[in-house]
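Accompanying notes for the structure given below.
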Amino acid sequence: MIKNYLKTAWRFLLQNKLTSLISLTGLAIGVGCFLLLSTYIMNELRYDRFNDKADRIVRLVQHIKSTNNNEEIINAITPSAPVPVFKQALPEIADGARIFNYSGYKPATVQYSDKLFNERNILMADESFFKIFSFDFLEGNSLTAFNQINSVVISASTAKKYFGNDDPIGKILKVNNVNSMLITGVIKDVPAYSQIKFDLIGNYAMLSRSKTRKWDSANDYSYFLLKPGTKVKSAEQKINAYTDNLFKNDGDKDHRLQFTLEPLTRVHLYSKANDNLVPAGNIRDIYILSSVALILLLLACVNFLNLFSAKSIERAHEVGVRKVMGALRGQLFIQFLTEAAIITLCAIMTGTMLAWLIFPWFSNLIGHQLGFQTWDINVLVLLLIGIFVSVTLLAGTYPSLYLSAFKAIIILRGKSGGNAGNSTLRKSLVVFQFAVSVFFIIGTIVAAGQMDYIQHLDTGVNRSNVIVLDIGGASYNKIQALRTALIQQPDIKNVSASYDSPVNIAGGYTIDKAEGATGNLNMMVTGIPVERNFINTLGIKLIAGNDFTLGDEQRVLDTNYQKRVYSFILNESAVKSLGWKPNDAIGKQISMNGRQGEIRGVASDFNFASLHQKITPIAIFPEYDYFGKLLVKVSGKDMLNTTNGIERDWKSFFPDSPFDMHFLDQEYDELYQNDQRASDILIVFAFITIFLSCLGLFGLVIFSTRQRTREIGIRKVLGASITSILGIISWDFLRLVGLAIIISSPIAYYAMSKWLQGFVYRINMQWWVFVLAGSVAMLIAFITISFQSVKAAIANPVKSLRNE
Amino acid sequence: MLSLQHISKFYQAGGTRNFVINDISLEVEAGEFISIMGPSGSGKSTLLNIIGMLDEPSSGYHYFAGETVHQLKDKQRSALYKKFIGFVFQAYHLIDELTVYENIETPLIYQDFKSAERKAMVADMLDRFQIVGKKDLFPAQLSGGQQQLVGIARALIAGPKLLLADEPTGNLNSKQGEEIMQLFKKLNKEDGVTIIQVTHSEKNAEYGSRIINLLDGRIESSKQL
Ligand SMILES: Nc1ncnc2c1ncn2[C@@H]1O[C@H](COP(=O)(O)OP(=O)(O)OP(=O)(O)O)[C@@H](O)[C@H]1O
Ligand SMILES: [Mg+2]
């Protein structure tokens, strides 16, 4: 019997190539997208679970309350003391390891014989690291890897990069020209789903601070292994009891050190801490993407269901005849379900292929390396079977039930057979599809608008034609010499340097004294040490006072902090918080984290962090102890020549560091990487949903026109013009699209408002966005409809009537 | 073999009932060959469908092969029907997607015959109707007469006791029609199949052993030949 079902089903599909193809394409796309998204979701969900002891590993995070507004900041970066101290003092803690992101501030240069690389993924970890975490050793082993003070363990691909096929064990790498590291192990590349990612990991003992136990400066990530059976909460209480006791004589209780523990497996998706080792995921995104995956699959099922049940007009006859031949309803039901199953099976195979082809591109889009190899094969097979069964049932049940219920008697009354089934259902499904499409179209337009706004907003910093070089920690003299050399070049307008990126300034300082200030006197400000030409190089506007002078520079060069005299430029917000008008502030004395000096100028507010955040007080001050970025303002003419010139000078001053330049604009854009990604993903989904909806619509129009051939023929004989017939057919469907727009617009408005609320600086959604999205949907629907309706309208009426 | 007693069938039209079959009683003995005649709309097809259990009467008693049809559940009725009745239509009603062979095979599938049995039975039937050469063709590739032959072969494949034919020659020319009637006569005489046919043609009606004339849903006359 089954064989017979399969045979007829197969034949039916071949004989209805167009509709089968439409169903299949739609489903395949749905399945493909579903696979891609579920791979991503699965990858996020299994983060860090590969560690054998994952359920006992916790991460320590530090809670900091700011003094002026009591806002709590959670930071993943912790002092060096907790790991050794808690490990010793608390029986609940079996082991612990500190991890320092060695290449976090700037890439490290690593040298082996004549090979020189910039490495961005170097960590330093305590000896226990490999005993707590489970990384697979290809050479060496986890117990002895950090036996030497200068041990380093490298990943397989790093080994390949440096040594090709030679044995890396025992080789020495020179890191940043200061550390000589001995390779004691090679591990398999760290999986994409690890929160601790590295290419090289050295022994923490190499760091000078490894011998000290400091509580007041935070640089490290702290991980603990709890004793079996220990509850995270109880360990956390012990830790805080311990620190409370330790610091009981230090001032205000509220502002003492406060720690919490996060289970390792929850860090990636649930942690609210800043400065994670790798950018954290977000459980909310997982929910959103899961819904999107399901919606896409559902859209595809809807297509299938629609086409399949529309097809029933043509199959009524068959059903009737089979019933007269003695078929029971159940048998017919299974026959039709078999057809659905065959299409689903083909679609799953095609969809899997599709996913396989798209994986590299998709990996790029979402910034993770994913593929089918990401899956455990058994789970993948189960998932595919799950999709197969649910899609077959979802798409096949209704039409099969409906079809198999036809009465034999119907066909005995003549040729015309059954009707097209529950057209309300099919119409609602089309509305649903287009509602989803319109949602994504609106989302795309709004997101693109916001991204455009971000790119073109005047943030108060002139980013164009600013080249950035990472110079992490080069000395004052060297930087001055390089600056002097560079400024000679005709196309270089100005050169300056700063502590961190001027589009993402992070340093936290406190102004604790201000001459005669009435305002807040324990004021948190952001601060950035700069070279004195900073303001000029970046075109920051001063609204009062003057720029820094050579004198200001010389007064902060003394190595003895006590003898330095600082000068500051504050922004408008800072001055306002201190209770001054811009002009009043000039010349006033302030003290900021021990830096005494006077206010030289007031800058108009500019965005020094992402537009997700409000502009807050900032202090800019010359200080030459550490610069991370060299900023070169160029004319923009003859770029190639200019950059060649910069490279030449760089090489002569830093022969040991690779020349690695980028533009300030790039650093700015990087701040919005996630937003850009969201916007890109929206566009992709918009296209896919539109395509799926059009497929569905196209299929329905085919049936509708076929069903109405006779009506159209008669109308034409009676003198109807082609346009009027087009109008009749199109109106039926465009009405549905209109309804979809009405349903979808408020939902999209709500969702996109939520998204925009994440930006302090944002666009307003204008009414035209909805009109535009609606028109786009209408136009696309109309074109889709036209393919078929034009054909029907220009067909010779005599032919269609004779066929009756 | 079958008995209808006071069978009526009506359709509700607004407030009034339109009787299509109006209190018909009819006895049919095994081995009879009955021709039903009457003007268009007189209820011939409806009566035939009721006999064939494809349609249900609004009232009356229906007995078939010793079973009380009007009391049977759908499934039992379907089983009874599968076992005893074959149907032939004016419009052939072959399944376009199936070959001649498969069309004839279809009823067997629903009666759970094993594959090997089916093969033998279909081969036998193809042989008997001399359409072996056409077995892999699709209905659209056949002439009307050939299609009707396939339709009859399909109706007979499971060895029914009662053959119901609604204007089996209605779409055929007179020569093709005559062949079909000869075939019916032979089936009736040699194989003992009871036949009830609806026809508009006096000549074809006379192949039967009894002619029943319907008018407005009633039996107007009945004539034994
Ligand atoms: N579903 C229905 N609703 C209302 N009236 C119906 C329905 N089906 C059939 N009829 C009516 O029943 C009557 C008998 O129909 P039937 O098909 O039995 O006639 P017939 O004698 O076979 O005619 P013909 O020779 O044209 O085939 C007709 O008048 C028809 O209009
Ligand atoms: Mg009739």
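The values are calculated or read from the model by the stated rules, or taken from the named source; none is laboratory data. Since the structure is predicted, the reported quantities are computational estimates derived from the model, not experimental observations. Every residue, glycine among them, receives a Cβ derived from its backbone with ideal geometry; neighbour counts consider all protein chains shown.
Reported count of residues in segment A:614-635, each being within 32 Å of the chain's Cα centre (by Cα) and either surrounded by fewer than 18 Cβ atoms within 10 Å (Cβ to Cβ) or among the small types (Gly, Ala, Ser) (or both), is 5. Per this entry, B:Ala91 is counted among residues that are at the interface with chain A (Cβ under 9 Å from one of its Cβ atoms), within 13 Å of the chain's Cα centre (by Cα) and at pLDDT below 90. Of the residues making up segment A:114-141, those that are surrounded by 19 or more Cβ atoms within 10 Å (Cβ to Cβ) and either farther than 23 Å from A:Arg213 by Cβ or of a type in the set (Phe, Trp, Tyr) (or both) are A:Glu119, A:Asn121, A:Ile122, A:Phe129, A:Phe130, A:Phe133, A:Phe135, A:Gly140.
For A:Ala609, the stated conditions hold: it is under 26 Å from A:Lys633 (Cβ atoms), of a type in the set (Gly, Ala, Ser) and assigned by TED's automatic domain parsing to the domain that holds A:Phe627.
Condition check ((1) more than 10 Å from chain B (Cβ to nearest Cβ); (2) in a helix (DSSP H, G or I); (3) surrounded by 19 or more Cβ atoms within 10 Å (Cβ to Cβ)) across all residues:
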{"position": "A:Val321", "(1), (2), (3)": "no, yes, yes"}
{"position": "A:Gly326", "(1), (2), (3)": "no, no, yes"}
{"position": "A:Gln331", "(1), (2), (3)": "no, yes, no"}
{"position": "A:Glu339", "(1), (2), (3)": "yes, yes, yes"}
{"position": "A:Leu345", "(1), (2), (3)": "yes, yes, no"}
{"position": "A:Leu357", "(1), (2), (3)": "yes, yes, no"}
{"position": "A:Pro360", "(1), (2), (3)": "yes, yes, no"}
{"position": "A:Leu365", "(1), (2), (3)": "yes, yes, no"}
{"position": "A:Leu370", "(1), (2), (3)": "yes, no, yes"}
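Among the conditions (1) at pLDDT below 90; (2) surrounded by fewer than 21 Cβ atoms within 10 Å (Cβ to Cβ); (3) within 13 Å of ligand 2 (Cβ to nearest atom); (4) of a type outside the set (Asp, Glu), B:Pro39 misses just one, which is (1).
Among the residues of segment A:8-20, is any loosely packed, with under 15 Cβ neighbours inside 10 Å, among the polar types (S, T, N, Q) and within 14 Å of chain B (Cβ to nearest Cβ)? Looking through segment A:8-20, at least one residue is loosely packed, with under 15 Cβ neighbours inside 10 Å, among the polar types (S, T, N, Q) and within 14 Å of chain B (Cβ to nearest Cβ). If you go through segment A:163-178 and keep only what is within 15 Å of A:Ala108 (Cα to Cα) and not in a strand (DSSP E or B), you end up with A:Asn176, A:Asn177, A:Val178.
Consider segment B:22-41 and keep the residues that are away from chain A (no Cβ under 14 Å) and farther than 29 Å from B:Lys186 by Cβ. The one that is farthest from ligand 1 (Cβ to nearest atom) is B:Ser25. The strands (runs of 3 or more DSSP E) located wholly in segment A:496-578 that include 2 or more residues which are over 15 Å from A:Arg600 (Cα atoms) and of a type in the set (D, E, K, R) occupy A:508-514. Taken over segment B:61-88, the criterion of being touching a residue at least 40 places away in the same chain (Cβ under 8 Å) and either closer than 20 Å to B:Lys135 by Cα or away from every other protein chain (no Cβ under 14 Å) (or both) is satisfied by B:Tyr61, B:His62, B:Tyr63, B:Phe64, B:Ala65, B:Val88. Within this structure, A:Leu296 passes the test of being in contact with a Cys (Cβ under 7 Å, 6 or more places away or on another chain) and closer than 15 Å to A:Ala395 by Cβ. Every test in (1) more than 12 Å from ligand 1 (Cβ to nearest atom); (2) in contact with a Lys or Arg (Cβ under 9 Å, 6 or more places away or on another chain) is passed by B:His70 save one, and that test is (2). Among the basic types (Lys, Arg) and at pLDDT 90 or above - does that describe any residue in segment A:117-135? Yes - at least one qualifying residue is present in segment A:117-135. Of all the listed residues (A:Ser208, A:Ser271, A:Ser222), the sole one being modelled with pLDDT under 90 and in contact with a strand residue (DSSP E or B) (Cβ under 6 Å, 6 or more places away or on another chain) is A:Ser271. Residues in segment B:94-132 that are hydrophobic (A, V, I, L, M, F, W, C), part of a loop (DSSP other than H, G, I, E, B) and facing another protein chain (nearest Cβ under 8 Å): 3 in all. When you check B:Val198 against the structure, is it under 25 Å from B:Ser25 (Cα atoms), surrounded by 14 or more Cβ atoms within 10 Å (Cβ to Cβ) and within 13 Å of ligand 1 (Cβ to nearest atom), yes or no? When the stated conditions are applied, B:Val198 passes them. Can A:Ser23 be described as within 23 Å of A:Gln335 (Cβ to Cβ), among the polar types (S, T, N, Q), assigned to a helix (DSSP H, G or I) and away from every other protein chain (no Cβ under 13 Å)? So A:Ser23 fits the description; yes. Among the conditions (1) of a type in the set (Ser, Thr, Tyr); (2) within 16 Å of ligand 2 (Cβ to nearest atom); (3) under 20 Å from B:Lys223 (Cα atoms), B:Thr46 misses just one, which is (3).
Just one of the listed residues (A:Asn522, A:Asn607, A:Asn536, A:Asn571) is touching a residue at least 60 places away in the same chain (Cβ under 8 Å) and either surrounded by 16 or more Cβ atoms within 10 Å (Cβ to Cβ) or under 29 Å from A:Val468 (Cβ atoms) (or both), and it is A:Asn607.
Quick grid of which residues meet (1) within 14 Å of chain A (Cβ to nearest Cβ); (2) assigned to a loop (DSSP other than H, G, I, E, B); (3) more than 16 Å from ligand 2 (Cβ to nearest atom):
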position	(1), (2), (3)
B:Ile152	yes, no, yes
B:Pro160	yes, yes, yes
B:Ala165	yes, no, no
B:Gln176	no, no, yes
B:Asn188	no, no, yes
B:Ile195	no, no, yes
B:Ile212	no, no, no
B:Ser221	no, no, yes
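Tallying residues that are within 13 Å of A:Met42 (Cα to Cα) and among the small types (Gly, Ala, Ser) within segment A:359-392 yields 1. Checking segment B:88-96 against the condition returns a match, with at least one residue being surrounded by fewer than 19 Cβ atoms within 10 Å (Cβ to Cβ) and more than 16 Å from ligand 1 (Cβ to nearest atom). Name the single residue that is nearest to ligand 1 (Cβ to nearest atom) among those in segment B:9-21 being out of contact with any Phe, Trp or Tyr (no Cβ under 6 Å at 6 or more places or on another chain) and farther than 21 Å from B:Phe87 by Cβ. Of everything passing the filter in segment B:9-21, B:Tyr11 is nearest to ligand 1 (Cβ to nearest atom). For segment B:140-160, does any single residue satisfy the condition of being surrounded by fewer than 19 Cβ atoms within 10 Å (Cβ to Cβ) and among the β-branched types (Val, Ile, Thr)? Scanning segment B:140-160 turns up no residue that is surrounded by fewer than 19 Cβ atoms within 10 Å (Cβ to Cβ) and among the β-branched types (Val, Ile, Thr). Any chance segment B:154-170 includes a residue that's in contact with a Leu (Cβ under 9 Å, 6 or more places away or on another chain), farther than 30 Å from A:Ile334 by Cα and more than 16 Å from ligand 1 (Cβ to nearest atom)? Checked segment B:154-170: no residue is in contact with a Leu (Cβ under 9 Å, 6 or more places away or on another chain), farther than 30 Å from A:Ile334 by Cα and more than 16 Å from ligand 1 (Cβ to nearest atom). Listed by position, the strands (runs of 3 or more DSSP E) inside segment A:89-161 whose residues that are of a type in the set (Ser, Thr, Tyr) number at least 2 are A:108-112, A:151-155.
For (1) in a helix (DSSP H, G or I); (2) at pLDDT 85 or above, each residue gets a yes or a no:
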residue: A:Thr243; (1), (2): yes, yes
residue: A:Phe259; (1), (2): no, yes
residue: A:Ile286; (1), (2): yes, yes
residue: A:Ser290; (1), (2): yes, yes
residue: A:Leu297; (1), (2): yes, yes
residue: A:His317; (1), (2): yes, no
